[in-house]
Amino acid sequence: MRKPSRIIRTLYRRAAVFVRRSRRSLPAGFAMRQLFLRFYLTVVVCFLASALIIGGLYKHMIERINQHYLTDIFQTTISIVEDELGDLPQSIWHSEISRMRGKLPVPVEIEQLDAYTLSTPNRKALADGDIILLEDEDIYLHRIPDTQLIVVLGPVPYLNRLDNISWPDILGLLLMCAALGIPTWLWMRPFYHDLRSMIRQSRAMGSGDFKVRAELSENSPLSSLGSTFNRMAHDVEELTASRQQMIDAISHDLRTPLARMRYRLEALKAGAPAEAQTAGMERDLEQIDQLVEEWLTLRKLERSQMQLEIQPLEILPWLERQLSELSVGGNIIPLENTTGLRAPLVSADSYYLSRVLSNLISNAKRYGGGKIQVVLSWSDGVARLMVDDNGPGIPESERERLLQPFERLESSRNRNTGGYGLGLAIVAMVMRGHGGNLRIETSPMGGARALLFWPTTLKDANRL
């Protein structure tokens, strides 16, 4: 009879061969069967391994208990046999043992000492009066004192059953393994259904359909994976649309300066004054350079490559310097400080904040009515920097759209006003890098208000 461990190894090898053959031979429509077989085989092997470990521990414990129990039985049996034979001549010992055999709990025989091939330790143990076990034959031996005879106890069938596993046991084990397949199948079925749906959606997205979404129920075990897939599909769709919009917008914006440059080249060939045409071409090149610079800045911000250096900044003198540089014709842009501090100190990246302010002031000059005001305020741990103008303002329905790249108001599409629709998008990204954002509101002056806000601890530099 084979050991349980050998049976388990045989079952595992045969199941593994079956799975490998199934993997090669089954068509794609039977992917569920392959998945089930792999998972089921893992469950069965784990179950058999657990049964083997637990069975081994149980067997070890039972053997220890039985060892003490059997030793007492054998010692009692040997004492009975020796007492019965002690007053009888050796010539009738065999017949007496035959008579006693039915009254004893184990089979008993009288044999010559040299009838068994014994090791030196076993011979010494017999000479000392001990009971020895011959494991291969499941018998116990004890030497009768002052003789060359031994009492043979066994074989003991119970010991043989402990070391072997019967076919009913194997059948029961196989039935339990088969029974594991039912809950395994029921548990895996929704997984496979949802996985198959996810595979279809992934292939559709790989074919260019970026509007596809995973349709999984909230109770699905793969609902979190479906949500992640949908977010990814949404991001890819937006990125693709944004890239196409960017290509269209850049192509459109480059067409005007390139057309002017071609016109100026034709004019030069026709003998037009070179100085005027050269100056115009330099302005066109500067316009192209500005567009490329803003586009590169936007791409850098979109890829999260912006490295902000947030440091304490004395905001009032910094604002005064910036507004002085951005003012035209000696008309300094007014600055209003409503923080209640004479020298407020904020945390910001001065380089990127100057680009933000420059963009907003340029927009106010370009589209406003001629008056600009900057207001600094702070409350509840949030700094607010507002740029107001007295222009026509921005309709509320258009404000969110204008924060996207290459978006303009219909009234500002005239290239005479300049701009490429990137300024507000860059401002919003820089402020998000500060942990804040940009919001467009209605100015008290009647025009548009660009509101910058970001979290910061406001301090008075004069008290540090």
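Numbers at a glance
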quantity	calculated
Subset tally (residues that are surrounded by fewer than 15 Cβ atoms within 10 Å (Cβ to Cβ) and either aromatic (Phe, Trp, Tyr) or farther than 27 Å from Tyr40 by Cβ (or both)) for the range 214-235	8
Filter result for the condition that a residue is surrounded by fewer than 16 Cβ atoms within 10 Å (Cβ to Cβ) and modelled with pLDDT under 75, over Glu96, Glu84, Glu135, Glu111	Glu135
Of all residues making up the range 323-338, the number that are hydroxyl-bearing (Ser, Thr, Tyr) and at pLDDT 85 or above	2
Every pair of residues 6+ apart whose Cβ atoms lie under 6 Å, when the first sits in the range 434-453 and is in the same structural domain as Arg401 (by TED's automatic domain parsing) while the second is surrounded by fewer than 17 Cβ atoms within 10 Å (Cβ to Cβ) and outside any loop (DSSP other than H, G, I, E, B)	Gly435/Pro455; Arg449/Glu441; Leu451/Glu441; Phe453/Val382
Residue within the range 110-125 that is of a type outside the set (Phe, Trp, Tyr), assigned to a helix (DSSP H, G or I) and touching a residue at least 40 places away in the same chain (Cβ under 8 Å) present	no
Subset of the range 310-346 (residues that are part of a strand (DSSP E or B) and within 15 Å of Lys365 (Cα to Cα))	Val328, Asn331
Near pairs, Cβ below 6 angstrom, 6+ apart or cross-chain, from the range 358-386 (in contact (Cβ under 8 Å) with a residue 24 or more places away in the chain) to any residue that is of a type in the set (Lys, Arg)	Ser377/Arg384; Met386/Arg449
Within the range 236-285, considering residues that are among the aliphatic types (A, V, I, L, M) and under 30 Å from Phe210 (Cα atoms), the one surrounded by the most Cβ atoms within 10 Å (Cβ to Cβ)	Ala249
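For every residue, the table says whether it meets (1) buried (at least 18 other Cβ atoms within 10 Å of the Cβ); (2) aliphatic (A, V, I, L, M); (3) at pLDDT 85 or above.
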{"site": "Glu293", "(1), (2), (3)": "no, no, no"}
{"site": "Ala343", "(1), (2), (3)": "no, yes, no"}
{"site": "Ser362", "(1), (2), (3)": "no, no, yes"}
{"site": "Ala383", "(1), (2), (3)": "yes, yes, yes"}
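The values are calculated or read from the model by the stated rules, or taken from the named source; none is laboratory data. Predicted model only: the values in this text are computed from it and were never measured. Positions of Cβ are backbone-derived with ideal geometry, glycine not excepted, and every protein chain shown enters the neighbour counts.
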